[in-house]
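Presented below is the structure to which this report refers.
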Amino acid sequence: MTRVYLDNAATTRVRPEVVEAMTIAFTEQYGNCSSMYQEGESAKALLDDARSRIAASLNAEAREIYFTSCGSEADNWALKGAALKYGDKKKKILISAIEHHAILHTCDSLAKQGFEIVKIPVDAEGIVDVDFIKSQLDDNTLIVSVMLANNEIGTIQPIKEIAALCKEKKILCHTDAVQAVGSIPVDVKDLGVDMLSLSGHKFHSPKGIGALYIRKGVTISNFMDGGHQERGKRAGTENLPYILGMAKALELAVAEMNTNLEKITDMRDSLIKEIEATIPYCKFNGHRTKRLPGNVNFSFNFIEGESMLLWLDDAGFACSTGSACASGSLDPSHVLLAIGLPHEVAHGSLRISIGKFNTKEEVMSLVPVLAGIVQKLRDMSPLYEDFMNGRELQQGTCPRCNDDGSCKI
Ligand code: PLP
């Protein structure tokens, strides 16, 4: 059976050009970038070149890019590094309610060390409340961290506006841009942030490589202590093959940005339209336009996301759900709860994330399969049966019905 990979927000296939760009660092230029002989110096030259190219792709300066082992490390470093540096004077950290666990759990551990974590609410489409941020910025505020684009519902946040507010009050501003970099244009100067996290495996380079942009003039404490790599800020022998791969992948993503944006957005919008036209009692999650090009997220009433996921897998489709067990916890996704979905609706959610290797034909081939699975699961659901019986008897009086009998969700 041919497989259709529709989970590009989880990770992406490494591009052949990226594999090729990495090879030299495994086979010929395998020296340690810190070694003071020819093999080391030529490896260091490749490292410097990759750093400059990554910086150029983000409109940063080379000295503002620090390589990390992944996006999670970059997020940890930004917050814990700021906390360690300035935590004796400032204790309040603002994050959005829909951050990735790399930020949420970092804040859980900072809360245990006495920091006050304030969660910024989001509206029903997942956009943060900027007025709430304004009301919270005070002399005790250490840092504001809001993701550029959400990994579950794809919503793109007003980071430029948030960074400007922070700048006015001399408060640090970090953004987790892990889902955004490589998918939408990202310009650190235009955004005006102090720090930005990125991760290679979201844009067709290998897993296990990321970077933290730290604007020049901004100082945070080290997260990894040891050798003098990364200008003494992040110890550990540089992972040159993966750094070369990430530089190549980002360069290609930026060069192809307009073409990919157009192609992937078209697939996304066609898929959304077709699902809404074909499957009743579904709710589209996130913002219609302020959204990552490849992200589609729906909740299907009366069913469990895990079952949908497993049946889709059997039918050849790889997708993702914010539902309970699939994400390893009993509660449904904090993101879906934060946008106001009731637990039972959030449980029936499906994320489909489209990438540059998908074709429109395969993306659209999901719809009839998904429609069939949703119907089969509903046919087994007592909730659906009750709903259908109730709906026939008292159309318009169900709490989920609009006055005209159509479904609210
Ligand atoms: N932040 C966001 C928004 C993500 O989507 C992810 C990964 O899914 C991460 C951080 C963590 O990145 P990594 O897998 O490189 O640690």
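Computed over protein heavy atoms with a 1.4 angstrom probe, the accessible surface ordering of Met22, Met380, largest first, is Met380, Met22.
Close amide H contacts of Phe317 (hydrogens built in the peptide plane, cut-off under 5 Å, sequence separation of 5 or more or a different chain): Val4. Expressed as a whole percent, the accessible area of the chain that falls on carbon and sulfur atoms is 53 (1.4 Å probe). Each residue of segment 284-296 was assigned a 3J(HN,Hα) from its phi angle through the Karplus expression (A = 6.51, B = -1.76, C = 1.60, θ = phi - 60°), giving 7, 10, x, 8, 5, 10, 7, 8, 4, x, x, 9, 10 Hz with x at Gly and Pro. Only beta bridges with both residues in the chain are counted; by DSSP, about 55 percent of them are antiparallel. Using the 1.4 Å probe convention, the accessible area of segment 57-98 works out to 32 Å² per residue with neighbouring protein chains retained. Computed 3J(HN,Hα) for segment 174-186, one whole-Hz value per residue from the Karplus formula 6.51 cos²θ - 1.76 cosθ + 1.60 where θ = phi - 60°, is 10, 10, 8, 9, 4, 7, 8, 4, x, 9, 10, x, 10, glycine and proline marked x. Within the same chain, lysines fewer than 8 places from Lys202 are excluded, and of the rest, those with a Cα less than 25 Å from its Cα are Lys80, Lys160, Lys189, Lys233, Lys248, Lys263, Lys290, Lys356, Lys360. Accessible surface computed residue by residue for segment 172-315, with neighbouring protein chains in place and a 1.4 Å probe, gives 37 Å² per residue.
Rounded to the nearest whole Hz, the Karplus-based 3J(HN,Hα) values (6.51 cos²θ - 1.76 cosθ + 1.60, θ = phi - 60°) of segment 145-151 follow the sequence 10, 10, 5, 6, 9, 7, 6, with x at glycine and proline.
Evaluate the relative contact order of the chain (contact order divided by residue number), counting alpha-carbon pairs under 8 angstrom at least 6 apart; express in whole percent. Reported as a whole number, the value is 20 percent. Given a 1.4 Å probe and the protein chains as shown, Ser109 ends up with an accessible area of around 40 Å². For the chain, the Kirkwood radius over C-alpha pairs fed into Stokes-Einstein at 37 °C and 0.692 mPa s yields D = 146 µm² per second. Between segment 229-269 and segment 35-111, the C-alpha centres lie 15 angstrom from each other.
FRET efficiency for the pair Asp187 and Asp314, taken as 1/(1 + (r/R0)^6) with r the Cβ-Cβ distance and R0 = 41 Å, rounds to 0.45. Every helix of 4 or more DSSP H residues in the chain counts as -39500 (n - 2.57), and over all residues that averages to -12500 deg cm²/dmol at 222 nm.
Among Ala338, Ile303, Pro368, which residue has its Cα furthest toward the positive end of the charge dipole of segment 285-369, with +1 on Lys/Arg Cβ and -1 on Asp/Glu Cβ? The one lying farthest along the dipole's positive direction is Ala338.
Taking amide hydrogens as placed 1.01 Å from N in the peptide plane, the amide H of Ser349 sits under 5 Å from those of Phe300, Gly305, Gly322, Ser323, each at least 5 positions away in sequence or on another chain. With Cα atoms defining each centre, segment 122-149 and segment 182-221 are spaced 20 Å apart in the structure.
Taking amide H atoms as placed 1.01 Å from N in the peptide plane, the amide H of Asn295 lies under 5 Å from those of Ile354, each 5 or more residues away in sequence or on another chain.
The values are calculated or read from the model by the stated rules, or taken from the named source; none is laboratory data. On a predicted model such as this, the values are computed, not experimentally measured, just so you know. Don't worry about glycine lacking a Cβ; one is built from the backbone with ideal geometry, like all the others, and counts go over all protein chains shown. Only protein heavy atoms, including side chains, enter the accessible area calculation; ligands, DNA and RNA are left aside. Shrake-Rupley method; radii C 1.70, N 1.55, O 1.52, S 1.80 Å.
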